[in-house]
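Participant: Here you go, one structure.
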Amino acid sequence: LIRNCHRNRTGPVLETDDIEAFIQYTRSVRRQSPFRLFEVDFYDGRWFLLSEQLNENSELLVQMKEITKQKLSLKTLEHSVESLSEIALTDDLTHVANRRGFIQAMGSELDRCRRNASSASLVLLDLDVFKPINDQYGHQVGDLALIYVAELVQSHLRPYDVLGRIGG
């Protein structure tokens with residue numbers, strides 16, 4: 001049955017090119033502990049939680065419960081957490097790291113430099129003349145200027161460089 005499912009890409013997803021080695025492994029772990037719990041995903045998108053329980057007569061009870069809804073909910077939750085984390089660490093106007101994101105990224109970068117005994121550079125641009133720009137041309141023009149500067153600097157950075165907006 002397992003060989004047929006693997007050949008036809010139906011039933012459980014078996015991440016192996018060597019089905020015989022997989023079957024051998026399965027036989028080696030089955031009945032080796034009194035209880036085993038594991039998840040299995042199927043080619044059709046369903047997920048199952050399997051438990052194997054061995055009794056004193058070496059009889060094996062296998063139970064299978066579909067957990068597809070829980071897995072989909074977990075994926076949705078993980079995606080939401082990723083999105084919220086990105087929002088929490090990104091400046092809404094310029095789409096670069098905000099103060100929190102910049103400090104977090106710099107902490108990681110400084111840790112890397114310490115581990116590798118390498119140096120780092122910090123460049124600080126203080127764009128300090130926005131009150132006259134905002135007063136004369138309006139806040140939208142000031143915002144466009146900030147966006148322009150962020151895009152200009154970003155275009156000259158390496159992929160691993162960190163850019164952030166730490167001011168207001």
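Participant: Counting only other residues whose beta carbon sits under 13 Å from that of GLU66, what net charge do I get with K and R as +1, D and E as -1?
Facilitator: Net of charged neighbours comes to +1.
Participant: Any idea what the alpha-carbon Rg over 2.2 N^0.38 Å comes to for region 24-91?
Facilitator: In units of the globular-protein estimate, region 24-91 measures up at 1.66.
Participant: Highest GNM mean-square fluctuation, the chain, Cα pairs closer than 10 Å: which of VAL123, VAL81, VAL96?
Facilitator: VAL123
Participant: How much area per residue is accessible in the chain when the probe is 1.4 Å and only protein heavy atoms are counted (Å²)?
Facilitator: 78 Å²
Participant: Taking the Cα centre of the chain as origin, sum charge times position over the Cβ atoms of Lys and Arg (+1) and Asp and Glu (-1), and report the length of that vector in debye to the nearest 20.
Facilitator: With Lys and Arg at +1 and Asp and Glu at -1, about 580 debye.
Participant: Mean Kyte-Doolittle hydropathy of -0.5 or higher plus an axial Cα length of 30 Å or more: which whole DSSP H helices in the chain meet both?
Facilitator: 68-89
Participant: Carbon and sulfur: what percent of region 16-75's accessible surface (1.4 Å probe)?
Facilitator: Solvent-exposed carbon and sulfur of region 16-75 make up 52 percent of the total.
Participant: For a bin width of 5 Å, list the pair-distance distribution of the chain built from all Cα-Cα distances, rounded to whole %.
Facilitator: Taking all Cα pairs of the chain, the binned fractions are 1, 7, 9, 11, 10, 8, 6, 7, 8, 9, 8, 6, 4, 3, 2, 1, 0, 0 percent.
The values are calculated or read from the model by the stated rules, or taken from the named source; none is laboratory data. Values in this document were obtained by computation on a predicted structure and should not be read as measured data. Every residue, glycine among them, receives a Cβ derived from its backbone with ideal geometry; neighbour counts consider all protein chains shown. In case anyone asks, the SASA skips ligands and DNA or RNA and just uses the protein heavy atoms, side chains included. Shrake-Rupley method; radii C 1.70, N 1.55, O 1.52, S 1.80 Å.
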